[in-house]
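This report refers to the structure that appears directly beneath it.
The values are calculated or read from the model by the stated rules, or taken from the named source; none is laboratory data. On a predicted model such as this, the values are computed, not experimentally measured, just so you know. Reconstructed Cβ throughout: ideal geometry from the backbone, glycine too, with neighbour counts over all protein chains shown.
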Amino acid sequence: MAFGRNSIAVEDFWIDESLPMKRSVLNRVPGLALIGVLTGIAFLINSFQPAISPLALCVALGFIVANFSVWPDWAAPANNFASKRLLRIGIALLGAQVSIASLRAIGLKGLLTVLVVVIFTIFGILLLSKLFGMTGDLGLLIGIGFGICGATAVAAIRPQTRATEEETSYAIALISLCGTLSIVVLPFLGHLMHLSDRTFGAWAGAAVHDVGQVVATASVWSPAAISAAIVIKLSRVCLLAPIVLTLSFRHRKYLKSQGKSENASARIPFIPFFVLGFIAVAILQNVLTVPTHVHDDLVLASKILIGAGLVALGSGVRWKSIRSIGPRPLFMGMIAWVIVAGVSLAAVRISGM
């Protein structure tokens with residue numbers, strides 16, 4: 001029994017248009033197994049070296065296997081499924097990390113401080129990317145990755161942009177590099193400035209990108225700093241849904257301006273389905289009494305699914321294409337990292353956090 005184009009309601013969720021459903025699912029199993037193994041290796045390495053982002057490792061492992069070994073043909077059918085379906089389900093489950101109690105804990109002044117830092121980060125990096133002569137949406141990926149939640153944010157917004165797989169992988173690698181440097185540099189500078197536990201934690205939560213790297217940075221300082229860092233960091237995660245929505249409208253407008261309103265833009269949901277999922281999970285997390293172990297399982301499932309999607313994404317990137325991007329985004333990113341760290345600290349101190 002074959003399925004025609006019109007039978008696919010939502011972006012080829014489980015079935016391939018050209019294959020019977022059973023064959024399509026079975027064809028994906030070997031590739032998903034390989035992606036699962038590489039994802040497991042990434043998280044295993046992270047368990048020994050928490051400073052290394054498991055999501056960046058997922059991209060790296062997919063890239064390494066595809067470029068320095070051979071990505072088997074039998075794994076190919078799983079790539080599109082993992083890099084789209086699994087990734088978006090993982091991002092939807094990220095809503096489990098949104099806590100109204102955490103937002104109340106930092107108060108209105110804290111929320112405004114976070115909002116100012118995020119807006120400055122995104123638009124500041126967009127300006128820097130233009131000054132460095134960067135084209136396309138690479139600057140946007142880096143800006144939102146720096147501003148919201150690292151690799152997860154990059155993966156979430158990529159479908160709403162014109163960014164290539166190479167630009168996406170480049171952005172994730174750069175963000176991971178800067179986040180890793182923060183683990184060493186921020187505590188050193190914090191001691192020089194004699195920051196309090198709360199101030200340093202708030203600084204780490206505002207300036208460092210990936211959630212794991214925020215925790216690692218604050219852990220170097222003190223247990224008290226970890227609590228402050230996590231609260232600030234998760235308040236940034238709350239901004240992911242409105243950012244994706246804004247970019248979705250922008251992308252539809254771009255497609256229409258290119259004369260594609262009758263085909264490409266018509267296939268883009270007005271509100272991305274994974275954003276609706278993110279909002280639904282966040283609401284349920286705050287309305288219902290969710291047991292701690294269930295919450296932890298949702299957070300872990302989110303990380304694993306996003307990681308699997310990023311392995312598939314990395315496997316589609318070629319070294320020659322990465323080299324063609326050049327070193328300018330790297331230099332721009334390092335300058336942006338320094339500026340964002342400085343602005344974040346200034347904002348935290350001015351607000352009295």
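Of all residues in the range 155-167, none that is at positive phi and crowded, with 20+ Cβ neighbours inside 10 Å has its Cβ atom under 8 Å from the Cβ atom of a residue that is outside any loop (DSSP other than H, G, I, E, B) and not small (Gly, Ala, Ser), 6 or more apart or on another chain. Every listed requirement among (1) farther than 17 Å from Leu55 by Cα; (2) modelled with pLDDT under 90 is met by Phe132 save one, (2). Scanning the range 194-207 for residues that are without any contact (Cβ under 8 Å) to a residue 40 or more places away in the chain and more than 21 Å from the chain's Cα centre (by Cα) yields a total of 6.
Out of everything in the range 117-141 that is of a type in the set (Gly, Ala, Ser) and in contact (Cβ under 8 Å) with a residue 60 or more places away in the chain, what residue ends up being surrounded by the most Cβ atoms within 10 Å (Cβ to Cβ)?
Per the criteria, the residue is Gly139.
For the range 302-315, does any single residue satisfy the condition of being more than 19 Å from the chain's Cα centre (by Cα) and among the aliphatic types (A, V, I, L, M)? Taking every residue of the range 302-315 in turn, none turns out to be more than 19 Å from the chain's Cα centre (by Cα) and among the aliphatic types (A, V, I, L, M). Here is a list: Val275, Val287. Which entry is surrounded by 15 or more Cβ atoms within 10 Å (Cβ to Cβ) and under 30 Å from Ala202 (Cβ atoms)? When all the criteria are applied, what remains is Val275.
Would it be correct to say that Ala308 is loosely packed, with under 15 Cβ neighbours inside 10 Å and modelled with pLDDT of 90 or more? Spelling it out, it is not the case that Ala308 is loosely packed, with under 15 Cβ neighbours inside 10 Å and modelled with pLDDT of 90 or more.
When only residues in the range 246-265 that are assigned to a helix (DSSP H, G or I) and in contact with a helix residue (DSSP H, G or I) (Cβ under 6 Å, 6 or more places away or on another chain) count, which is modelled with the lowest pLDDT?
Taking the range 246-265 as the starting set, the residues that turn out to be assigned to a helix (DSSP H, G or I) are 246-257, 265.
Then drop every residue that is not in contact with a helix residue (DSSP H, G or I) (Cβ under 6 Å, 6 or more places away or on another chain), which leaves 247-248, 251-252, 255-256, 265.
Values: Leu247: 88, Ser248: 84, His251: 75, Arg252: 77, Leu255: 70, Lys256: 72, Ser265: 45.
If we take residues in the range 246-265 being assigned to a helix (DSSP H, G or I) and in contact with a helix residue (DSSP H, G or I) (Cβ under 6 Å, 6 or more places away or on another chain), then Ser265 is modelled with the lowest pLDDT.
Residues in the range 172-207 that are in a helix (DSSP H, G or I), surrounded by fewer than 16 Cβ atoms within 10 Å (Cβ to Cβ) and not aliphatic (A, V, I, L, M): Phe188, His191.
For Met134, the conditions (1) part of a helix (DSSP H, G or I); (2) in contact with a Pro (Cβ under 7 Å, 6 or more places away or on another chain) all hold with the exception of (1). Here Ile52, Ile100, Ile91, Ile106 are screened, and the one residue that is touching a residue at least 60 places away in the same chain (Cβ under 8 Å) and more than 22 Å from the chain's Cα centre (by Cα) is Ile106. In the range 208-220, of all residues being within 20 Å of Gly147 (Cα to Cα) and part of a helix (DSSP H, G or I), the one that is nearest to the chain's Cα centre (by Cα) corresponds to Val211. For Asp297, work out the one condition from (1) in contact (Cβ under 8 Å) with a residue 12 or more places away in the chain; (2) under 22 Å from Leu32 (Cβ atoms) it doesn't fulfil. Among (1) in contact (Cβ under 8 Å) with a residue 12 or more places away in the chain; (2) under 22 Å from Leu32 (Cβ atoms), Asp297 violates only (1).
With the condition kept exactly as written, say whether any residue in the range 275-285 is among the β-branched types (Val, Ile, Thr) and closer than 28 Å to Ala76 by Cα. The answer is yes, given that some residue of the range 275-285 is among the β-branched types (Val, Ile, Thr) and closer than 28 Å to Ala76 by Cα.
May I ask you to verify whether Thr121 is outside any helix (DSSP H, G or I) and not hydrophobic (A, V, I, L, M, F, W, C)? Reasoning before the result, please.
Working: outside any helix (DSSP H, G or I): no; not hydrophobic (A, V, I, L, M, F, W, C): yes.
In short, no.
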